[in-house]
Amino acid sequence: MTVQNLLEKIREPWIHRLARDLARGAGVRENFEKELARFFNLLEQAILSGDPSWIDPVLFDWANSPTESDLAEGQYNLSTLVARANNFTFDVAKENLSPEESLELLSATSLVFSYALSKASHYESDKRVAYMANELATIQNKLEQLDRSKSNFISVAAHELKTPLTLIEGYTSMIIESITDAGAKNLLDGVKGGVKRLREIINDMIDVSLIDNSLLSLNFQPLWLKQALGLLEKELRPSCEAREISLEINPFEGDDQLIFADPERIHQALRNVLTNAIKYTPDKGKIIVDGRKLPGFLEVTIKDTGIGISLEDQLSIFEKFNQLGKASLHSSSKTGFKGGGPGLGLPITRGIIEAHGGTIWVDSPGCDEKTCPGTSFHILLPDRSEAADPKMEKLFGSETPTN
């Protein structure tokens, strides 16, 4: 008896038993029997032609038949279905054929079923990967929408807070000017200082919103890093002296070179990094500002002898609202050791530097409050010697002045 005759002999019991085992309900079983008959016909063609790829169309259709809920719950497994079909072929052949005929048939079907299992696994994997990719894209889209919503809320809240804050600030100043009691003035000075700090936080919130929405505008003007760092040294000297921290700014090649950048924003970015260094450097520590000239860039390095930053925190310190350590253990001082804050300074700094076409990164062996391994921040600023505004270019020229 030929293999074709053997296949015809087991066709009906094979289809009936497999449908009964895999399908539940008369209507479902009837439709499934049609699909199994199609599979069996292609199985026969694959065996007779010696080309197992005849089975591909039905496997492809079955691989694409599960619903989204089936994939989500992991209820559909094409490889299992093909394996069951192979097992039922063995069982039905044993029941309906002689041992010799069964061996001959199984020898003919084994190659096709082996191919079908491999192909089913491939189709199944592709389907699962496509589903997961779609799920990840959906989640990513939702996260981006959520982030935009948070950014918009921050922007609206910050602007809404500005109006009452301005009123508090104005009335406080008026009261200070109108009273003569020294004790009351001291209290009001405290209120004024708190209002000033709150305004700084609100401005940071607005800056974060601008950066998140790519709306940060830069006013490119001539800038000399030597002058910018000198101003920062004077501004931060009282904070450093109060904690006996040495702030050392070394001259470096390119620090007296004219570049075009936004002086106010660069001042803000460098101040944020220096303030951060002061926060996490113990009393009597040291902060060194250095730099070098690189092809197309000027690098500023701010190195401290502070407690350092753990490797895991180095991946997140430039994300907004991220804080190092436990907030409950932070002091409320802006420059006090481990002083607290909303976690906006470094994200704003990164946004400013990247808006200039530069980059910033951190390097630290780790965090240890006993050994204080320190931290180094590296800032790369483009060596932009030409102004974007033709009028500015005409006024200052494009060549670096010689001092």
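Miscellaneous remarks
- Of all residues in segment 254-305, those satisfying the criterion of being of a type in the set (G, A, S) and surrounded by 23 or more Cβ atoms within 10 Å (Cβ to Cβ) are A261, A269, A277, G291.
- Looking only at segment 367-403, residues that are at pLDDT 90 or above, loosely packed, with under 15 Cβ neighbours inside 10 Å and either among the acidic types (D, E) or on the phi > 0 side of the Ramachandran plot (or both) come to 2 in all.
- Screening D181 with (1) of a type in the set (D, E); (2) over 30 Å from the mean Cα position of the chain (by Cα); (3) surrounded by 15 or more Cβ atoms within 10 Å (Cβ to Cβ) gives one miss only, at (3).
- Whether a residue is loosely packed, with under 12 Cβ neighbours inside 10 Å, within 19 Å of P342 (Cβ to Cβ), without any contact (Cβ under 8 Å) to a residue 12 or more places away in the chain and outside the structural domain of R384 (by TED's automatic domain parsing) was assessed, and S149 passes this test.
- Any hit, segment 175-184, residues being closer than 30 Å to K320 by Cα and aliphatic (A, V, I, L, M): no
- From L198, L161, residue being assigned to a helix (DSSP H, G or I), modelled with pLDDT of 85 or more and more than 30 Å from S65 (Cβ to Cβ): L198
The values are calculated or read from the model by the stated rules, or taken from the named source; none is laboratory data. Remember, predicted model here, so these are calculated numbers, not experimental data. Reconstructed Cβ throughout: ideal geometry from the backbone, glycine too, with neighbour counts over all protein chains shown.
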